[in-house]
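S.K.: Here it is, the structure in full.
The values are calculated or read from the model by the stated rules, or taken from the named source; none is laboratory data. It should be emphasised that the depicted structure is a prediction, and the values quoted were computed from it without experimental measurement. We place every Cβ from the backbone using ideal geometry, glycine too, and count neighbours over all the protein chains shown. Please note that ligands, DNA and RNA were not included when accessible areas were found on the heavy atoms of the full protein model with its side chains. Shrake-Rupley method; radii C 1.70, N 1.55, O 1.52, S 1.80 Å.
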Amino acid sequence: MRKAGAFILGTGRALPSRVLTNQDLERMVDTSDEWITQRTGIKERRIVGEGESNSRLATTAARRALSRAGVSPEDLDLIIVATLTPDYLMPSVAVLVQQALGARRAGAFDLSATCSGFLYALSIADKFVREDPKRKILVIGSEVLSHKTNWEDRTTCVLFGDGAGAAVVTGSPDGERGVLSTHLHADGSLWHLLTLKGCGSLYPPCDPRIPREDYFIRMQGREVFKQAVRAMEAVAMEALETAGVAPGELDLLIPHQANIRIIEYLRERLELPPEKVFVNIHRYGNTSAASIPIALDEALEEGRLKEGDLVLMVSFGGGFTWASVLMRW
Ligand code: ACO
């Protein structure tokens, strides 16, 4: 097997305190707790309140990850924030985090790869630390999807939530523990199935010709579902086959948390028992780029990952993009 690259020294997460339950949504749109639970597995999600923002969530998650890693902000070489809901189009969330942390030496940029953003960012960090294993890189997935949600559209508003997760990455201590492989994919031919058009430069704000719905996430859910199950299985198998590992050798699968039925499909295809698959979608819904780092942080806290474990992270999102990262913990 290939030598390990990026090693995670510490993780952290930040969730807004405001909880929006399925019962709350029943009062907002024509839906039911039963429909949402059966079709998605979601029971509640977190929504930002006054004074909370993407960069604040990202900074809080980063501080926790740095503290667990025992790394000072001044030691960071690079900050990558995966997000599709930045505070502003300019500057990036990453520079706001850099400033808030006082990470003066660090370069900083945002990365846009929707729900696969964290795994894309982790794979970039992997390349940087393979070049120089002493580097310290902060990789964050952070989203405020609630501000890009059409709260009158029952087909999307029940799905998403806000939150952030972070990981401090450096080189493998021994060539054994750390990232073993990364696989990134995209297919722009199906971009129209899942969009957030406003306020891109083609969709300027307050243009009366643009329908209101285009300023929010729009999704053809059934079509996206079909693509997601196919792509997530394929990229999971690609990671395992490249590493010469059988699915049964995995200790933990951390899939993107978009829909419990997608997660269950993947679990069955890999013939994994439920205890080997991490699920927290019932608490947070789909937090896009934040979903995998939040899950990773919770898995660690719950003792679901121990030294030497083999963990596979798999994602799928708008674009479409999909990715996997295989790690020896
Ligand atoms: N409450 C009640 N009924 C609803 C709701 C709701 N919230 N939403 C839709 N319905 C209705 C529909 O109108 C439809 O009614 P009809 O049969 O009378 O037309 C019926 O329920 C079935 O709708 P479908 O869209 O076919 O439902 P489906 O089982 O496909 O579930 C869902 C929808 C949950 C969106 C699913 O398709 C899904 O999870 N898709 C994938 C999402 C995903 O993976 N996204 C990835 C990335 S997200 C990102 O990149 C930001």
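S.K.: Report the charge-dipole magnitude of the stretch 179-328 in Debye, nearest 20, computed about the Cα centre from +1 at each Lys and Arg Cβ and -1 at each Asp and Glu Cβ.
M.R.: Using Cβ point charges on Lys, Arg, Asp and Glu, the stretch 179-328 gives about 600 debye.
S.K.: When the helix-only estimate is applied to the chain (DSSP H runs of n ≥ 4, each -39,500 (n - 2.57), divided by the residue count), what is the mean residue ellipticity at 222 nm, nearest 500 deg cm²/dmol?
M.R.: Taken over the chain, the calculation gives -9500 deg cm²/dmol.
S.K.: Return a whole-number percent for the relative contact order of the chain, with Cα pairs under 8 Å and 6 or more residues apart as the contact set.
M.R.: 26
S.K.: Leaving out ligands, DNA and RNA, and with a 1.4 Å probe, what % of the accessible surface on the chain is carbon or sulfur?
M.R.: That share works out to 51 percent.
S.K.: Also: May I ask you to give the solvent-accessible area per residue for the stretch 179-328, in square angstrom, as obtained with a 1.4 angstrom probe?
M.R.: 43
S.K.: Report the dimensions of the stretch 6-174 along its three principal axes from the alpha-carbon atoms, largest first, rounded to Å.
M.R.: The principal-axis extents, from largest down, are 54, 32, 25 Å.
S.K.: Which Cα, out of Ser123, Leu89, Leu145, lies furthest along the positive dipole direction of the stretch 83-147 (beta carbon charges, K/R +1, D/E -1)?
M.R.: Result: Ser123.
S.K.: Principal axis extents for the chain, Cα atoms only, whole Å, descending order, please.
M.R.: Cα spread of the chain along its principal axes, largest to smallest: 56, 46, 36 Å.
S.K.: With θ set to phi - 60° and the Karplus curve 6.51 cos²θ - 1.76 cosθ + 1.60, what are the ³J(HN,Hα) couplings of the stretch 55-64 in order, to the nearest whole Hz, using x for Gly and Pro?
M.R.: 5, 5, 4, 4, 5, 4, 4, 5, 4, 5
S.K.: If you consider only alpha-carbon coordinates, what radius of gyration and Dmax does the stretch 182-240 have, in Å?
M.R.: 15.3, 50
S.K.: Mind ranking 7-15, 52-60, 190-198 by how tightly packed they are, going by the mean number of other C-beta atoms within 10 angstrom, highest first?
M.R.: Descending packing order for the listed peptides: 52-60, 7-15, 190-198.
S.K.: Under a 10 Å cutoff between Cα atoms, tell me which one of Ala62, Ala186, Ala289 has the largest fluctuation in the Gaussian network model of the chain.
M.R.: Ala186
S.K.: In whole Hz, with x marking every Gly and Pro, tabulate ³J(HN,Hα) for the stretch 180-186 from phi via Karplus 6.51 cos²θ - 1.76 cosθ + 1.60, θ = phi - 60°.
M.R.: 9, 7, 10, 9, 10, 9, 7
S.K.: Here's another thing I want to ask about it. In Å², and per residue, what accessible area does the stretch 1-149 have when probed at 1.4 Å with the other protein chains present?
M.R.: For the stretch 1-149, the per-residue accessible area is 45 Å².
S.K.: Which of Leu326, Val311, Ser72 sits closest to the plus end of the dipole of the chain, meaning its Cα is farthest towards the positive end, when Lys and Arg get +1 and Asp and Glu get -1 on the C-beta?
M.R.: Of Leu326, Val311, Ser72, it is Ser72.
S.K.: Pairs of alpha-carbon atoms within less than 8 angstrom and 6+ residues apart define the contacts here; what relative contact order does the stretch 6-174 have, in percent?
M.R.: 34
S.K.: Ordered by residue, what ³J(HN,Hα) values in Hz, to whole numbers, does the stretch 97-104 give under the Karplus form 6.51 cos²θ - 1.76 cosθ + 1.60, where θ = phi - 60° and Gly and Pro are x?
M.R.: Residue by residue, the stretch 97-104 yields 5, 4, 5, 5, 7, x, 8, 4 Hz.
S.K.: When the chain is modelled as a GNM with alpha-carbon springs shorter than 10 Å, which of Gly303, Gly141, Gly70 fluctuates the most?
M.R.: Greatest mean-square fluctuation among the candidates belongs to Gly303.
S.K.: Continuing with this model, one more query. List the residues whose amide H sits under 5 Å from the amide H of Leu9, counting only those 5 or more places along or on another chain, with H placed 1.01 Å from N in the peptide plane.
M.R.: Excluding prolines and chain starts, which carry no amide H, the hits are Val168, Val169, Thr170.
S.K.: Give the distance, in whole Å, between the Cα centre of the stretch 158-207 and the Cα centre of the stretch 84-140.
M.R.: 12
S.K.: Just to be sure I understand: with springs between alpha-carbon atoms less than 10 Å apart, which residue in Leu122, Leu202, Leu272 has the highest mean-square fluctuation in the Gaussian network model of the chain?
M.R.: Among Leu122, Leu202, Leu272, the largest GNM mean-square fluctuation belongs to Leu202.
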